[in-house]
Amino acid sequence: MKVKVISVLEDNYMYLVIEENTKEAVVVDASVPKRLLEIVRKEGVTLKAILTTHHHWDHARGNEELAKVYPELQVYGADERIGALTHKVTHNEELKFGDINVRCLFTPCHTSGHMCYFMWEENSPDAPALFSGDTLFIGGCGKFFEGTAEQMYKNLTEILGALPKDTKVFCGHEYTVRNLKFALKVEPENESVKKKLAWAKLRDDEDLPTVPSTLQEEFHYNPFLRVSEESVQQFTGKAAPVDVLRALRTEKDNFKKPKERLTPQAMLAFEWGLFGPFMGKK
Ligand SMILES: [Zn+2]
């Protein structure tokens, strides 16, 4: 099983997962079809399916276009709002693509229909892989747009947290540096946070992805997986794990965003006092 990490849009990831015997492939979150098709061609693989984590446009907007290119394409997901959906999957449902097994893990909260995908290959020494969308990030977790802290707690502890510790984590966005800066605020003494943040900054400088991590690592530096730790409880002033998680999420939502890097055009506009129109532009 080979995973191609494809950076798209501002900070999103698409993943092309290749079954190397059959040269069949599935894509997790197809947001930029042109980019995906280039890589499918370059790798010489047949695209069988799209696995969509959730309906947000930066994860699902390429589905319809790809379904037109490949009329046989299967589109999996757990939310009716996902474009071109052909198979609505449920929690623990298993799919098979050649030797690749997929278990669908329902993790509602970021959106009410969010699905993660856990993959492993028959008779392979490779560690399994988790495609965690906008539920679990490296060093962080997704915003609670359509769910509760209780749901996210269940997602992170009972569902994703219970997977094998060597599972590789491939998340939906490159938010690692920002997440770990917050993690350092939560636990200023945590050496794992410091180490991972220093590493992530180097990767960022070279424009390299920080995915994948492993689940084992996440337990060491991701505050959202450490809600039962005394240091994290102290930071939030709460004791019950769900309350700690809720408080952490609120803190993170208010954590100052780094200054946006300005494009040369924006810099010019700024100098000419025309900054207004660029504000809030995505
Ligand atoms: Zn999202």
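What list of ³J(HN,Hα) couplings, whole Hz, do you get for segment 142-147 from phi and the Karplus terms 6.51, -1.76, 1.60, once you set θ to phi - 60° and write x for glycine and proline?
Here the 3J(HN,Hα) series is x, 5, 8, 5, 10, x Hz.
Suppose only helical runs count, i.e. DSSP H with n ≥ 4. What mean residue ellipticity at 222 nm does that imply for the chain under -39500 (n - 2.57) per run, divided by all residues and rounded to the nearest 500 deg cm²/dmol?
Numbers: 10 runs with 88 residues, N = 282.
Here the helix-only value at 222 nm equals -8500 deg cm²/dmol.
Report, in debye and to the nearest 20, how large the dipole of segment 2-255 comes out about its Cα centre when Lys and Arg carry +1 and Asp and Glu carry -1 on their Cβ.
Numbers: 31 positive and 40 negative charges, 62 e Å.
Magnitude of the dipole: close to 300 debye.
Taking all protein chains as present, what is the carbon and sulfur share of the accessible area of the chain, in % to the nearest whole number, probe 1.4 Å?
Values: 7230 of 14000 Å².
Here it works out to 52 percent.
Counting only DSSP beta bridges with both residues in the chain, what percent are antiparallel, rounded to the nearest 5? Display every interim value, and only then the final one.
Values: 31 of 45 bridges.
Of the beta bridges lying entirely in the chain, close to 70 percent run antiparallel.
If you average the C-alpha positions of segment 60-95 and of segment 145-181 separately, how far apart do those two centres end up, in angstrom?
23
Which one, LEU37, VAL177, PHE118, is farthest towards the positive end of the dipole of the chain when Lys and Arg carry +1 and Asp and Glu -1 on their Cβ?
VAL177
To the nearest 10 Å², what's THR176's accessible area with a 1.4 Å probe?
Rounded to the nearest 10, that gives 0 Å².
Ignoring everything but the protein chains, give the 1.4 Å probe accessible area of HIS59 in square angstrom, nearest 10.
Rounded to the nearest 10, that gives 0 Å².
Given axes a ≥ b ≥ c from the Cα gyration tensor, I'd like to know whether segment 137-210 is rounded (a/c under 1.5), prolate (a/b larger than b/c) or oblate. Don't skip to the end; give the middle numbers.
Details: a/c = 1.69, a/b = 1.58, b/c = 1.07.
Prolate, since a/c reaches 1.5 and a/b exceeds b/c.
In the structure displayed, which of LYS194/LYS256; LYS96/LYS196; LYS42/LYS196; LYS96/LYS165; LYS42/LYS154; LYS143/LYS185 lie more than 30 Å apart, Cα to Cα?
Working: LYS194/LYS256 19 Å; LYS96/LYS196 34 Å; LYS42/LYS196 33 Å; LYS96/LYS165 23 Å; LYS42/LYS154 40 Å; LYS143/LYS185 18 Å.
From the list (LYS194/LYS256; LYS96/LYS196; LYS42/LYS196; LYS96/LYS165; LYS42/LYS154; LYS143/LYS185), the Cα-Cα distance tops 30 Å for LYS96/LYS196; LYS42/LYS196; LYS42/LYS154.
What residue among LEU130, GLY98, THR250 has its Cα farthest toward the positive end of the dipole of the chain, where the charges are +1 on Lys, Arg and -1 on Asp, Glu, each on the Cβ?
Ranked along the dipole, the leading option is THR250.
Considering only protein heavy atoms, with the full assembly of protein chains and a 1.4 angstrom probe, order THR236, THR46, THR52 by accessible area, largest first. It would help to have the intermediate numbers written out before the result.
On the way: THR236 25, THR46 75, THR52 0 Å².
The residues order as THR46, THR236, THR52, largest area first.
Select from ALA200, ALA239, ALA183 the residue whose mean-square fluctuation is largest in a Gaussian network model of the chain (Cα-Cα springs shorter than 10 Å).
Largest GNM mean-square fluctuation: ALA239.
May I ask you to evaluate 6.51 cos²θ - 1.76 cosθ + 1.60, the Karplus curve with θ = phi - 60°, for each residue of segment 107-122 and list the ³J(HN,Hα) values in order in whole Hz, giving x for glycine and proline?
Going residue by residue, I get 9, x, 2, 4, 10, 6, x, 7, 10, 9, 10, 9, 10, 8, 10, 4 Hz, with x marking Gly and Pro.
Using the Karplus equation 6.51 cos²θ - 1.76 cosθ + 1.60 (θ = phi - 60°), what ³J(HN,Hα) coupling, rounded to whole Hz, does each residue of segment 94-104 give in order, writing x for Gly and Pro?
10, 10, 9, 10, x, 8, 8, 9, 10, 10, 7
Considering only DSSP beta bridges where both residues belong to segment 47-173, give the percentage that are antiparallel (nearest 5).
Values: 16 of 25 bridges.
DSSP beta bridges in segment 47-173 are roughly 65 percent antiparallel.
How do VAL89, VAL3 stack up against each other in accessible area, from largest to smallest, with a 1.4 angstrom probe? Can you show the working numbers first?
Values: VAL89 5, VAL3 40 Å².
So, going from the largest accessible area down, we get VAL3, VAL89.
Quick one: how many Å² of ASP253 are accessible to a 1.4 Å probe, rounded to 10?
Answer for ASP253: close to 80 Å² accessible.
The values are calculated or read from the model by the stated rules, or taken from the named source; none is laboratory data. Note that this is a predicted model, so its numbers are computed, not measured. Using ideal geometry, Cβ is built from the backbone for each residue, glycine included, and neighbour counts are taken over all protein chains shown. These area figures cover heavy atoms from the full protein model, side chains too; ligands, DNA and RNA do not enter into them. Shrake-Rupley method; radii C 1.70, N 1.55, O 1.52, S 1.80 Å.
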